[in-house]
Amino acid sequence: MVVSNRSLSRGLTILRVFNEIPAPTLTEIATRVGLTKATCLRFLRTLQEEGYLSFNEQTKRYQLRPLILELGYAALSSLSLPMIAEPEMEALAAEVRGSVNLSMLDGDEVVIVGRQVASRETRNLVTMNIHIGTRLPAHCTAMGRVLIATEVEDIPAFVSTMRVTKMTPKTLIHRAHLAHEIQEAGQRGWAVVEEQLGLGYSAIGVTVRTGGSQAFGLAVSVPSKEFTRARLVREVLPLLQAAADRLERAFAHSSPGGVPEIRRELA
(Lines give C-alpha, C1' and ligand atoms only; values in the text may rest on other atoms or scores of the structure.)
Protein backbone atom coordinates (compact mmCIF):
# COMPACT_ATOMS: atom_id res chain seq x y z
CA MET A 1 0.00 0.00 0.00
CA VAL A 2 1.31 3.44 -0.93
CA VAL A 3 1.31 5.88 2.00
CA SER A 4 0.61 9.53 1.22
CA ASN A 5 3.14 12.19 2.21
CA ARG A 6 1.46 14.41 4.83
CA SER A 7 4.19 17.04 4.69
CA LEU A 8 3.72 17.51 0.96
CA SER A 9 -0.04 17.60 1.42
CA ARG A 10 0.24 20.28 4.09
CA GLY A 11 2.61 22.34 1.96
CA LEU A 12 0.16 22.28 -0.94
CA THR A 13 -2.70 23.18 1.40
CA ILE A 14 -0.73 26.21 2.54
CA LEU A 15 -0.15 27.30 -1.06
CA ARG A 16 -3.88 27.08 -1.75
CA VAL A 17 -4.49 29.73 0.91
CA PHE A 18 -3.05 32.25 -1.56
CA ASN A 19 -6.04 31.60 -3.83
CA GLU A 20 -8.19 33.24 -1.15
CA ILE A 21 -5.76 35.79 0.32
CA PRO A 22 -3.02 37.12 -2.00
CA ALA A 23 -0.81 38.26 0.91
CA PRO A 24 -1.79 36.41 4.11
CA THR A 25 -0.25 36.67 7.55
CA LEU A 26 1.02 33.68 9.52
CA THR A 27 -2.13 33.76 11.65
CA GLU A 28 -4.41 33.79 8.60
CA ILE A 29 -2.57 30.85 7.03
CA ALA A 30 -2.49 28.79 10.22
CA THR A 31 -6.20 29.39 10.79
CA ARG A 32 -7.18 28.25 7.30
CA VAL A 33 -5.03 25.13 7.21
CA GLY A 34 -5.74 24.07 10.79
CA LEU A 35 -2.12 23.99 11.99
CA THR A 36 -0.37 25.63 14.92
CA LYS A 37 1.63 28.75 14.11
CA ALA A 38 4.88 26.96 14.95
CA THR A 39 4.16 24.05 12.58
CA CYS A 40 2.91 26.38 9.90
CA LEU A 41 6.02 28.54 10.20
CA ARG A 42 8.28 25.55 9.49
CA PHE A 43 6.45 24.87 6.24
CA LEU A 44 6.53 28.55 5.28
CA ARG A 45 10.27 28.78 5.86
CA THR A 46 10.84 25.73 3.68
CA LEU A 47 8.75 27.28 0.90
CA GLN A 48 10.78 30.49 1.29
CA GLU A 49 14.07 28.60 1.08
CA GLU A 50 12.88 26.83 -2.07
CA GLY A 51 12.03 30.19 -3.63
CA TYR A 52 8.24 29.89 -3.76
CA LEU A 53 7.39 32.49 -1.10
CA SER A 54 8.68 35.81 0.15
CA PHE A 55 8.05 37.49 3.52
CA ASN A 56 7.63 41.23 4.05
CA GLU A 57 9.15 42.14 7.41
CA GLN A 58 7.21 45.42 7.56
CA THR A 59 3.73 44.13 6.80
CA LYS A 60 4.34 40.62 8.23
CA ARG A 61 2.71 39.11 5.19
CA TYR A 62 3.71 36.35 2.78
CA GLN A 63 3.54 36.55 -1.01
CA LEU A 64 4.03 34.09 -3.82
CA ARG A 65 7.21 34.51 -5.86
CA PRO A 66 7.39 34.14 -9.65
CA LEU A 67 8.95 30.68 -9.30
CA ILE A 68 5.49 29.33 -8.44
CA LEU A 69 4.45 30.11 -12.01
CA GLU A 70 6.72 27.33 -13.25
CA LEU A 71 4.38 24.78 -11.66
CA GLY A 72 1.32 26.33 -13.28
CA TYR A 73 2.94 26.66 -16.69
CA ALA A 74 4.16 23.08 -16.54
CA ALA A 75 0.62 21.93 -15.86
CA LEU A 76 -0.86 24.05 -18.63
CA SER A 77 1.75 22.98 -21.18
CA SER A 78 0.98 19.33 -20.51
CA LEU A 79 -2.69 20.00 -21.23
CA SER A 80 -1.89 20.88 -24.85
CA LEU A 81 -5.44 21.93 -25.71
CA PRO A 82 -5.24 25.40 -24.10
CA MET A 83 -2.24 26.18 -26.31
CA ILE A 84 -3.96 24.83 -29.41
CA ALA A 85 -7.11 26.75 -28.54
CA GLU A 86 -5.60 30.24 -28.30
CA PRO A 87 -6.02 31.34 -31.95
CA GLU A 88 -9.51 29.84 -32.17
CA MET A 89 -10.59 31.53 -28.94
CA GLU A 90 -9.08 34.85 -29.99
CA ALA A 91 -11.02 34.79 -33.26
CA LEU A 92 -14.25 33.83 -31.50
CA ALA A 93 -13.86 36.60 -28.90
CA ALA A 94 -13.36 39.15 -31.67
CA GLU A 95 -16.38 37.89 -33.60
CA VAL A 96 -18.80 38.07 -30.66
CA ARG A 97 -17.06 41.13 -29.15
CA GLY A 98 -16.97 39.46 -25.75
CA SER A 99 -14.82 37.03 -23.81
CA VAL A 100 -14.12 33.33 -24.33
CA ASN A 101 -13.03 30.96 -21.56
CA LEU A 102 -11.71 27.41 -21.56
CA SER A 103 -11.98 25.45 -18.33
CA MET A 104 -11.68 22.11 -16.56
CA LEU A 105 -13.91 20.68 -13.86
CA ASP A 106 -12.26 20.18 -10.48
CA GLY A 107 -14.73 19.01 -7.86
CA ASP A 108 -17.57 21.52 -7.75
CA GLU A 109 -15.50 24.29 -9.36
CA VAL A 110 -14.20 25.05 -12.82
CA VAL A 111 -10.59 26.14 -13.28
CA ILE A 112 -9.88 28.60 -16.09
CA VAL A 113 -7.06 27.23 -18.27
CA GLY A 114 -7.51 29.53 -21.27
CA ARG A 115 -9.00 32.98 -21.79
CA GLN A 116 -9.30 35.46 -24.65
CA VAL A 117 -11.05 38.82 -24.61
CA ALA A 118 -11.97 41.04 -27.54
CA SER A 119 -9.80 44.12 -27.97
CA ARG A 120 -10.69 47.16 -25.91
CA GLU A 121 -11.76 48.98 -29.07
CA THR A 122 -14.26 46.34 -30.18
CA ARG A 123 -15.57 44.62 -27.06
CA ASN A 124 -19.01 45.60 -25.85
CA LEU A 125 -18.68 44.62 -22.18
CA VAL A 126 -16.66 45.43 -19.10
CA THR A 127 -14.79 42.21 -18.44
CA MET A 128 -14.93 40.38 -15.13
CA ASN A 129 -11.73 39.89 -13.12
CA ILE A 130 -11.02 36.41 -14.46
CA HIS A 131 -7.61 35.07 -15.46
CA ILE A 132 -5.91 31.74 -16.06
CA GLY A 133 -6.03 29.81 -12.81
CA THR A 134 -9.20 31.47 -11.55
CA ARG A 135 -11.64 29.09 -9.89
CA LEU A 136 -15.36 29.65 -10.37
CA PRO A 137 -18.34 27.80 -8.88
CA ALA A 138 -19.48 25.24 -11.42
CA HIS A 139 -23.19 25.46 -10.61
CA CYS A 140 -23.65 28.99 -11.95
CA THR A 141 -21.40 28.87 -15.01
CA ALA A 142 -22.28 27.54 -18.45
CA MET A 143 -18.94 25.73 -18.59
CA GLY A 144 -19.50 24.11 -15.23
CA ARG A 145 -22.93 22.81 -16.12
CA VAL A 146 -21.89 21.18 -19.38
CA LEU A 147 -18.82 19.65 -17.72
CA ILE A 148 -20.85 18.21 -14.85
CA ALA A 149 -23.29 16.81 -17.40
CA THR A 150 -20.38 15.28 -19.33
CA GLU A 151 -18.24 13.92 -16.50
CA VAL A 152 -20.63 13.08 -13.66
CA GLU A 153 -22.58 9.84 -13.79
CA ASP A 154 -25.13 10.56 -11.04
CA ILE A 155 -25.95 14.25 -11.44
CA PRO A 156 -28.63 14.53 -8.68
CA ALA A 157 -26.28 12.90 -6.17
CA PHE A 158 -23.42 15.19 -7.21
CA VAL A 159 -25.57 18.32 -6.95
CA SER A 160 -26.89 17.26 -3.54
CA THR A 161 -23.38 17.49 -2.05
CA MET A 162 -21.79 20.32 -4.04
CA ARG A 163 -21.41 23.83 -2.68
CA VAL A 164 -24.21 26.02 -4.04
CA THR A 165 -23.62 29.71 -3.44
CA LYS A 166 -25.98 32.52 -4.40
CA MET A 167 -23.62 34.71 -6.42
CA THR A 168 -26.36 37.09 -7.63
CA PRO A 169 -30.10 37.44 -6.96
CA LYS A 170 -30.65 35.36 -10.11
CA THR A 171 -28.41 32.42 -9.17
CA LEU A 172 -30.27 29.11 -9.19
CA ILE A 173 -29.64 27.42 -5.83
CA HIS A 174 -32.62 25.02 -5.62
CA ARG A 175 -30.76 21.73 -5.92
CA ALA A 176 -33.51 19.70 -7.62
CA HIS A 177 -34.05 22.43 -10.22
CA LEU A 178 -30.29 22.81 -10.69
CA ALA A 179 -29.84 19.07 -11.26
CA HIS A 180 -32.66 19.19 -13.82
CA GLU A 181 -31.03 22.15 -15.63
CA ILE A 182 -27.69 20.31 -15.78
CA GLN A 183 -29.32 17.13 -17.09
CA GLU A 184 -31.08 19.14 -19.79
CA ALA A 185 -27.79 20.80 -20.70
CA GLY A 186 -26.27 17.36 -21.14
CA GLN A 187 -29.09 16.27 -23.43
CA ARG A 188 -28.85 19.45 -25.53
CA GLY A 189 -25.07 19.61 -25.56
CA TRP A 190 -24.97 23.24 -24.39
CA ALA A 191 -25.90 25.40 -21.42
CA VAL A 192 -26.92 29.03 -20.96
CA VAL A 193 -26.68 31.02 -17.74
CA GLU A 194 -28.09 34.52 -17.46
CA GLU A 195 -26.64 36.77 -14.76
CA GLN A 196 -26.07 33.83 -12.42
CA LEU A 197 -22.34 34.39 -11.90
CA GLY A 198 -22.37 38.18 -12.21
CA LEU A 199 -25.04 40.76 -12.94
CA GLY A 200 -24.85 42.09 -16.47
CA TYR A 201 -23.27 38.94 -17.92
CA SER A 202 -24.73 35.97 -19.75
CA ALA A 203 -22.81 32.99 -21.05
CA ILE A 204 -23.29 29.99 -23.29
CA GLY A 205 -21.03 26.95 -23.06
CA VAL A 206 -20.29 23.64 -24.76
CA THR A 207 -17.98 20.72 -24.09
CA VAL A 208 -14.74 20.12 -25.98
CA ARG A 209 -13.88 16.42 -25.93
CA THR A 210 -10.28 15.29 -26.24
CA GLY A 211 -10.78 11.63 -26.98
CA GLY A 212 -9.53 10.64 -23.54
CA SER A 213 -11.16 10.84 -20.14
CA GLN A 214 -10.60 14.59 -19.84
CA ALA A 215 -13.09 17.14 -21.16
CA PHE A 216 -12.97 20.93 -21.34
CA GLY A 217 -15.67 23.55 -21.17
CA LEU A 218 -15.67 26.32 -23.79
CA ALA A 219 -17.90 29.33 -23.16
CA VAL A 220 -18.65 32.78 -24.52
CA SER A 221 -19.60 35.61 -22.15
CA VAL A 222 -21.49 38.67 -23.43
CA PRO A 223 -23.61 41.52 -22.00
CA SER A 224 -27.06 40.42 -20.87
CA LYS A 225 -28.63 43.65 -22.02
CA GLU A 226 -27.63 42.96 -25.63
CA PHE A 227 -27.96 39.17 -25.77
CA THR A 228 -31.16 37.45 -24.75
CA ARG A 229 -31.16 33.69 -24.34
CA ALA A 230 -32.80 33.37 -27.77
CA ARG A 231 -30.11 35.50 -29.40
CA LEU A 232 -27.34 33.56 -27.69
CA VAL A 233 -28.72 30.29 -29.03
CA ARG A 234 -29.46 31.70 -32.48
CA GLU A 235 -26.29 33.69 -33.14
CA VAL A 236 -23.53 32.63 -30.75
CA LEU A 237 -24.15 28.90 -30.30
CA PRO A 238 -23.38 27.97 -33.95
CA LEU A 239 -20.09 29.88 -33.75
CA LEU A 240 -19.24 28.23 -30.44
CA GLN A 241 -20.07 24.73 -31.64
CA ALA A 242 -18.04 25.24 -34.82
CA ALA A 243 -15.06 26.39 -32.78
CA ALA A 244 -15.39 23.38 -30.46
CA ASP A 245 -15.52 21.03 -33.44
CA ARG A 246 -12.38 22.54 -34.94
CA LEU A 247 -10.56 22.28 -31.61
CA GLU A 248 -11.51 18.62 -31.23
CA ARG A 249 -10.20 17.87 -34.71
CA ALA A 250 -7.01 19.89 -34.16
CA PHE A 251 -6.35 18.17 -30.85
CA ALA A 252 -6.96 14.74 -32.35
CA HIS A 253 -4.32 15.42 -35.01
CA SER A 254 -1.76 16.97 -32.67
CA SER A 255 -2.06 14.66 -29.63
CA PRO A 256 -3.43 11.21 -30.43
CA GLY A 257 -2.53 9.96 -26.98
CA GLY A 258 -5.12 12.14 -25.26
CA VAL A 259 -4.81 14.44 -22.26
CA PRO A 260 -3.32 13.27 -18.96
CA GLU A 261 -5.31 13.60 -15.77
CA ILE A 262 -3.68 16.48 -13.87
CA ARG A 263 -6.54 18.28 -12.15
CA ARG A 264 -4.96 18.50 -8.74
CA GLU A 265 -1.77 20.09 -10.13
CA LEU A 266 -3.93 23.12 -10.96
CA ALA A 267 -5.14 23.45 -7.35
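The values are calculated or read from the model by the stated rules, or taken from the named source; none is laboratory data. Please read all numbers here as calculations on a predicted model, not as lab measurements. We place every Cβ from the backbone using ideal geometry, glycine too, and count neighbours over all the protein chains shown.
Worth pointing out:
- Test: residue in region 181-198 that is without any contact (Cβ under 8 Å) to a residue 24 or more places away in the chain, in the same structural domain as VAL117 (by TED's automatic domain parsing) and under 27 Å from VAL117 (Cα atoms): yes
- Only residues that are in a loop (DSSP other than H, G, I, E, B), at pLDDT below 90 and more than 30 Å from GLU248 (Cα to Cα) were counted in region 59-82, giving 3.
- Counted residues, region 97-118 - those being crowded, with 23+ Cβ neighbours inside 10 Å and over 16 Å from VAL208 (Cβ atoms): 2
- Here the condition is being touching a residue at least 12 places away in the same chain (Cβ under 8 Å) and surrounded by fewer than 17 Cβ atoms within 10 Å (Cβ to Cβ); of GLN63, GLN58, it holds for GLN63 alone.
- Scanning region 17-37 for residues that are part of a helix (DSSP H, G or I), at pLDDT 85 or above and under 28 Å from ILE130 (Cβ atoms) turns up VAL17, PHE18, GLU28, ILE29, THR31, ARG32, VAL33.
- Considering residues of region 142-163 that are of a type in the set (Val, Ile, Thr) and in contact with a strand residue (DSSP E or B) (Cβ under 6 Å, 6 or more places away or on another chain) only, the residue modelled with the lowest pLDDT: THR150
- Hits in region 161-185 - residues which are over 15 Å from THR141 (Cβ atoms) and outside any loop (DSSP other than H, G, I, E, B): THR161, ARG175, ALA176, HIS177, ALA179, HIS180, GLN183, GLU184
- Taken over region 6-38, the criterion of being in contact (Cβ under 8 Å) with a residue 12 or more places away in the chain and among the aliphatic types (A, V, I, L, M) is satisfied by LEU12, ILE14, LEU15, VAL17, ALA23, LEU26, ILE29, VAL33, LEU35.
Each row is one residue, and each column tells you yes or no for (1) closer than 25 Å to ALA242 by Cβ; (2) surrounded by fewer than 22 Cβ atoms within 10 Å (Cβ to Cβ); (3) under 19 Å from the mean Cα position of the chain (by Cα).
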site	(1), (2), (3)
CYS140	no, no, yes
VAL152	no, yes, yes
LYS170	no, yes, no
ILE182	yes, no, yes
GLY198	no, yes, yes
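- When restricted to residues that are among the hydrophobic types (A, V, I, L, M, F, W, C), within 15 Å of ALA142 (Cβ to Cβ) and not in a strand (DSSP E or B), region 188-226 contains 1.
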